[in-house]
1. Using a Gaussian network model of the chain whose springs link C-alpha atoms within less than 10 Å, name the residue from 162, 228, 113 with the highest mean-square fluctuation.
2. Using the count of nearby Cβ atoms within 10 Å as a rough guide to exposure, how do 74, 104, 94, 146 rank from fewest to most?
3. Please tell me the relative contact order of the range 61-238 in percent, rounded to the nearest whole number, where contacts are Cα pairs under 8 Å and at least six residues apart.
4. Determine, for 130, 38, the number of other Cβ atoms within 10 Å of each Cβ, and report the residues in order from fewest to most.
5. With an 8 Å Cα cut-off and a minimum separation of 6 or more residues, compute the relative contact order for the range 131-220 in percent.
6. With labels modelled as points extended 7 Å from the Cα through the Cβ direction, what inter-label distance (nm, one decimal) is found for residue 53 paired with residue 166?
7. Pull up the DSSP beta bridges for the chain and report the antiparallel fraction as a percent, rounded to 5.
8. With both partners inside the range 101-239, how many of the DSSP beta bridges are antiparallel, as a percent to the nearest 5?
Ligand SMILES: C[S@@+](CC[C@H](N)C(=O)[O-])C[C@H]1O[C@@H](n2cnc3c(N)ncnc32)[C@H](O)[C@@H]1O
């Protein structure tokens, strides 16, 4: 049995012992691997959306806000993209689908179970050669260094950053990435859930820095998989370090 299969069987049995949230994630993997043809990204995305709408709530960016993500990636044409928060790999699929050939996405995910779930979905959809989960967090004192040492994330190399993890970490993690010089001037940063649950400090920072080192468009939208809770997605262009 390979290391991945062994880890997967351990995780499956852990989830069966009553961790319902993780059981839902496993059900999602089964749903996608059983019903989407191997290598079909569109089918995998559609099946995840159906599962999120009908079976169990999933905190994916979802179909409505997913179109904002697709458009932003198409405009940015990233060679190197970074994501904070992989969850089950849904936004990773959308980024991989819209990014140009030869691009790479590194998705920083602190929960190893989620990273494993996302990796299974990426493998099935045929994008695992260009999308990788990095287990950790930007503020853990290790992951930032690993991005440069183990992955191709050098100074000024990140063309696109998707922030979708823990709202209080949005601004501090962005500032750490900037401090490490990873973002290329001209890079796009897309931040989900700035309206709900909300990241007021991130929004305030972008407003105060408008035209200085950032240029931001606020997209009015809705929380994933429903149409009555309003949300905001912020799309910001990094203008470079101010003199
Ligand atoms: C909203 S979900 C991500 C959804 C995903 N981007 C999508 O749209 O398909 C948030 C994820 O961030 C992870 N997370 C929370 N805090 C984190 C942190 N500080 N660093 C990295 N990942 C974190 C959670 O484990 C969870 O999987």
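Coordinate-derived values only; no laboratory data. Quick caveat, the model's predicted, so the values are computed rather than measured. Neighbour counts run over all protein chains shown; Cβ positions are idealised from the backbone, glycine included.
1. 228
2. 74, 146, 104, 94
3. Relative contact order here is 22 percent.
4. In order of increasing Cβ crowding within 10 Å: 38, 130.
5. So the answer I get is 25 percent.
6. 3.3 nm
7. Approximately 40 percent, going by the DSSP bridge assignments.
8. Percentage antiparallel, nearest 5: 55.
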